[in-house]
Amino acid sequence: MSDRLKGKRAFVTAAAAGIGRACAVAFAREGANVFATDIDEKGLATLRGEGVAEVARLDARSSADVAAMAKRVGKVDVLLNAAGFVHHGTILDCSDDDWDFSFDLNVKSMHRTIRGFLPAMLEGGGGSIVNIASAAGVVKAAPNRYVYGATKAAVAALTRSVACDFVGQRIRCNCICPGTVETPSMLQRAATAGPGGREMFVARQPMGRLGTAAEIASLALYLASDESAFTTGVAHVIDGGWTL
């Protein structure tokens with residue numbers, strides 16, 4: 001540990017598994033006081049053994065719950081938004097309910113948390129916001145990722161807007177655009193695809209392997225730390241060459 005986040009307080013959504021969990025653990029290991037949230041309370045409970053200071057159930061789709069949580073937690077230096085869902089299918093497979101759910105969880109959840117935590121960040125002299133987007137939708141299209149790609153493009157635009165509006169007030173806002181990362185949710189999608197599902201995901205990665213949540217967390221750690229103090233409004237691609 002090099003204490004890259006020593007003295008900082010971080011708030012993380014979707015922290016029970018996958019990228020959100022890896023980020024919460026990485027932040028804690030680098031000295032941050034981490035408040036981790038998710039709807040998966042069992043997954044959250046295991047984070048205490050990883051050095052995460054506080055955990056609490058939070059439904060990022062509830063404006064009232066997010067606002068109450070922001071008031072409860074107070075000022076943070078780092079906000080990591082990882083809540084999201086991957087809808088499979090084309091426009092013909094996307095109902096109005098599918099569209100609304102995806103945008104509510106993938107985009108509006110970030111609107112809620114940023115709106116909730118930003119005032120205290122501003123009063124406290126600044127902070128770093130890191131949003132998990134995707135290479136799909138932001139850089140290129142992916143088959144059967146119609147509404148998912150649309151939501152992640154929106155996350156990138158939201159990120160730039162926040163960065164632009166508050167660049168002079170010591171607020172930085174960046175997003176991360178992963179390729180295919182091996183997480184519990186990704187493995188579940190692979191299993192649903194049938195025999196050889198995981199291999200199919202591997203085959204579309206030019207490096208011949210999937211990314212890891214820890215690799216994404218390393219980039220999030222950089223963006224959360226003062227090392228990236230001159231970086232804001234950027235969609236950072238980490239995709240194993242998928243968009244080359």
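Details
- Debye log10 I(q)/I(0) at q = 0.16, 0.17 Å⁻¹ for the range 44-183, Cα point scatterers: -0.90, -0.99
- Length gained on full extension, Ala193 to Asp3, computed as 0.36 nm times the residue gap minus the Cα-Cα distance: 64.2 nm.
- Exposed loop sites here mean trypsin sites (Lys or Arg not before Pro) with a DSSP loop assignment and at most 13 other beta-carbon atoms within 10 Å; the chain contains its longest site-free run at 7-203.
- Coupling constants for the range 91-107 follow from the phi torsions by the Karplus curve (6.51 cos²θ - 1.76 cosθ + 1.60, θ = phi - 60°), and in residue order they are 4, 6, 9, 9, 7, 4, 5, 4, 4, 5, 4, 4, 5, 5, 7, 7, 10 Hz; glycine and proline get x.
- Scattering profile of the chain at q = 0.13, 0.16, 0.17, 0.18 Å⁻¹ [log10 I(q)/I(0), Debye over alpha-carbon scatterers]: -0.75, -1.16, -1.32, -1.48
- In Å, descending, principal axis extents of the Cα set of the range 52-129: 47, 23, 23
- Fraction of the pair-distance distribution of the range 182-244 above 18 Å, Cα-Cα pairs, percent: 49
- Based on alpha-carbon atoms, the Kirkwood radius and the radius of gyration of the range 1-67 give Rg/Rh equal to 0.98.
- Members of Lys6/Lys152; Lys8/Lys152; Lys42/Lys152; Lys75/Lys108; Lys8/Lys140; Lys71/Lys140 lying beyond 26 Å, as alpha-carbon distances in this model show: Lys6/Lys152; Lys8/Lys152; Lys42/Lys152; Lys8/Lys140; Lys71/Lys140
- About its Cα centre, the chain has a charge dipole of approximately 400 debye under the convention of +1 per Lys or Arg Cβ and -1 per Asp or Glu Cβ, with nothing else charged.
- Over every Cα atom in the range 121-244, the radius of gyration and the widest Cα-Cα span, Dmax, amount to 15.9, 53 Å.
- Report summary: the helix-based calculation at 222 nm, which adds -39500 (n - 2.57) for every DSSP H run with n ≥ 4 and divides by the residues of the chain, gives -12500 deg cm²/dmol.
No value in this document is a laboratory result; all are computed from the given coordinates. Computed from a prediction, not measured in an experiment: that's the story for all the values here. Quick reminder, even Gly has a Cβ in these numbers, built from the backbone with ideal geometry, and neighbours come from all protein chains shown.
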